[in-house]
Structures are given as C-alpha cells and as structure tokens.
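All remarks here apply to the structure that follows.
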C-alpha cells in the first residue's frame, strides 16, 4: 500500500518556489529526502502536514486526501520537525499526558515501554534531553499511537555518531514488518547509505530524482584522473582541479571514454554525488 503520495506540489515564496514536486513512499520503505539547505525539504514536509498553504498539488496519506481527511490521517502519522522546543520546562510525562489527548488510540503502556527501550527518563524536562533523546521521544510518541507513517525533519542532525547509529537501527526495526513507512529529510547522506531503500533528491525546489537508492548511485561514476586529460573535462558533470590531478563525477554511460591507466573509476557514495551535482557549472579555479 502507498503510505504517502505527493502529486505536483507547488508552493510560491517571493524568492523561492516548490515546482510540481511529486514522489511517493510505500509501506515497508525508508525514504531519504535529500538536498542542500534551502532546497525545499522542510517546506515540502510542512505542506504535507497542512502547516503551510500551497498553491497547487494533491497529497494523499493511505490513499486519502490530506486536505479532506487531515484529522483522520494525522491519527496514523508521527511528525516531528528538526528541533523540539515547545514547553521546554515540562517533563516528558507531562507532555505525554497532553499529547495523548490528540490521538484516539494512544496507548500509554506502549509509550512507557518505548521510553524504557530508548532509556528515556519520563521525569526529565524536555530541555534536559539531548538532541538524540528528543528524536527518540518523537519516535516513542509515534509508536504509542501506532503511527503507520513517520515524517521526520533532519532527525539525525547534530547527533554524535553513536546516537545517529542508534536512531538508524530504530528506523530499520520500525519498517521491518512492512506495515510502516518512514520519510525523513537529511543532508547527512551517510545515514542513507546505512538505512534508506529509496531516496528523493530535491534541488532548488525541483525533484531531480526519486526512486531506488542503488539505481541512483549506479548511474554515476567517480573519476580520479592523474593524467589531467584536458579533452575530457567537458564530459564531467562537474569536477575539481586538485594539485596534479582532476577528480569529479560522470554519468556511468561515459565509462568507455575514461580508459587511461592513469584514470581511476569507482562507484561514488551519495555524498560525492550530491557534492558534484550541486557544483554543476561551478568549476571555478580558486586563487589564494
């Protein structure tokens, strides 16, 4: 079943626009939503949750229109922005007692079990929790009302490597039964290498790819050219001139052009792809 479907979402600001954004997330999937800061990730997530008015488009959760069935759909969605900062002086238990009133099937016992599993002290105030613990608290709330879709904005930003790894393990366990889905935005592409099955890449308000992560990665090659072949520079998507060599990104279908013994080809990671795609048409030489 399709947990979330977005069709031609458009949102206009004076200096920025979302332009016909379309993608979908199926049950059992972890979808990574990537792009540089300001590309439109948070704006898209807020539109999904009806926190922002948008000019055009359709959004469906569990095949029901989000504008017509917003309250009903939100019963099955766990949503958290990048930083929890509401009622910082309230304890986790106090916040839970308020939050549960919004969900018809909130299970307090499940919440307490999740807090024990995540080592969350329910008597601590929100402001006393680390960034990682705040993410775990958001997930605990979602699990307690049996959310089928989690939408999280930069959940691993600012976390230390150990905390990030713990959060990613939790994400993988959540979708293991194929009945839940997760959409989370991030600019930490190494997190997606570890847990995401699919990615959606947004650039300046436009979706430039949505689909299987591995298909996306396999469509590119990373090049390190020690021969510094000037004739090949136009074949790169973008490149850097570093000391006595050139390195950059090419489409995988151009592999046959890069056959010199002084050229190393490798499968790039998501970070390399994102860096060089964002550098397109910006192959400046820097003078110190």
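The values are calculated or read from the model by the stated rules, or taken from the named source; none is laboratory data. The shown structure was predicted, so the numbers you read here are calculated from the model rather than taken from an experiment. Counting neighbours? That spans all protein chains shown, and the Cβs are built from the backbone with ideal geometry, glycine included.
One table, with the values for the structure above:
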{"quantity": "Residue, farthest from residue 146 (Cα to Cα), within the range 47-78, restricted to residues that are assigned to a strand (DSSP E or B) and without any contact (Cβ under 8 Å) to a residue 60 or more places away in the chain", "calculated": "56"}
{"quantity": "Residue, farthest from the chain's Cα centre (by Cα), within the range 20-39, restricted to residues that are surrounded by fewer than 17 Cβ atoms within 10 Å (Cβ to Cβ) and within 12 Å of residue 57 (Cβ to Cβ)", "calculated": "20"}
{"quantity": "Members of the range 172-197 that are assigned to a strand (DSSP E or B) and touching a helix residue (DSSP H, G or I) at 6+ places or on another chain (Cβ under 6 Å)", "calculated": "182, 185"}
{"quantity": "Unique residue being modelled with pLDDT under 95, more than 30 Å from residue 1 (Cβ to Cβ), surrounded by fewer than 19 Cβ atoms within 10 Å (Cβ to Cβ) and not assigned by TED's automatic domain parsing to the domain that holds residue 63 when the list is 262, 255, 224", "calculated": "262"}
{"quantity": "Which numbered condition residue 217 fails, given (1) within 15 Å of the chain's Cα centre (by Cα); (2) in contact (Cβ under 8 Å) with a residue 40 or more places away in the chain", "calculated": "(1)"}
{"quantity": "Positions within the range 216-240 being assigned to a strand (DSSP E or B) and out of contact with any helix residue (DSSP H, G or I) (no Cβ under 9 Å at 6 or more places or on another chain), in sequence order", "calculated": "224"}
{"quantity": "Residue in the range 177-185 that is farther than 27 Å from residue 76 by Cα and surrounded by 15 or more Cβ atoms within 10 Å (Cβ to Cβ) present", "calculated": "no"}
{"quantity": "Total residues in the range 40-61, condition buried (at least 19 other Cβ atoms within 10 Å of the Cβ) and closer than 15 Å to residue 7 by Cβ", "calculated": "7"}
{"quantity": "Qualifying positions in the range 186-212 - within 28 Å of residue 1 (Cβ to Cβ), modelled with pLDDT of 95 or more and buried (at least 20 other Cβ atoms within 10 Å of the Cβ)", "calculated": "198, 199, 200, 201, 202, 207"}
{"quantity": "Candidate set from the range 145-171 (those that are in contact with a strand residue (DSSP E or B) (Cβ under 8 Å, 6 or more places away or on another chain) and not in a strand (DSSP E or B)); member that is farthest from residue 62 (Cα to Cα)", "calculated": "157"}
{"quantity": "Output for the range 23-38, where each listed residue is in contact with a strand residue (DSSP E or B) (Cβ under 6 Å, 6 or more places away or on another chain) and part of a loop (DSSP other than H, G, I, E, B)", "calculated": "27, 29, 35"}
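Per-residue answers, yes or no, for (1) under 30 Å from residue 35 (Cα atoms); (2) in contact (Cβ under 8 Å) with a residue 40 or more places away in the chain:
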position	(1), (2)
102	no, no
113	no, no
139	yes, yes
150	yes, yes
168	yes, no
196	yes, yes
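Let's see how each residue does on (1) over 26 Å from the mean Cα position of the chain (by Cα); (2) surrounded by fewer than 14 Cβ atoms within 10 Å (Cβ to Cβ); (3) closer than 23 Å to residue 157 by Cα:
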| residue | (1), (2), (3) |
| --- | --- |
| 93 | yes, no, no |
| 97 | yes, yes, no |
| 103 | no, no, no |
| 109 | yes, yes, no |
| 113 | yes, no, no |
| 119 | no, yes, yes |
| 127 | no, yes, yes |
| 134 | no, no, yes |
| 137 | no, no, yes |
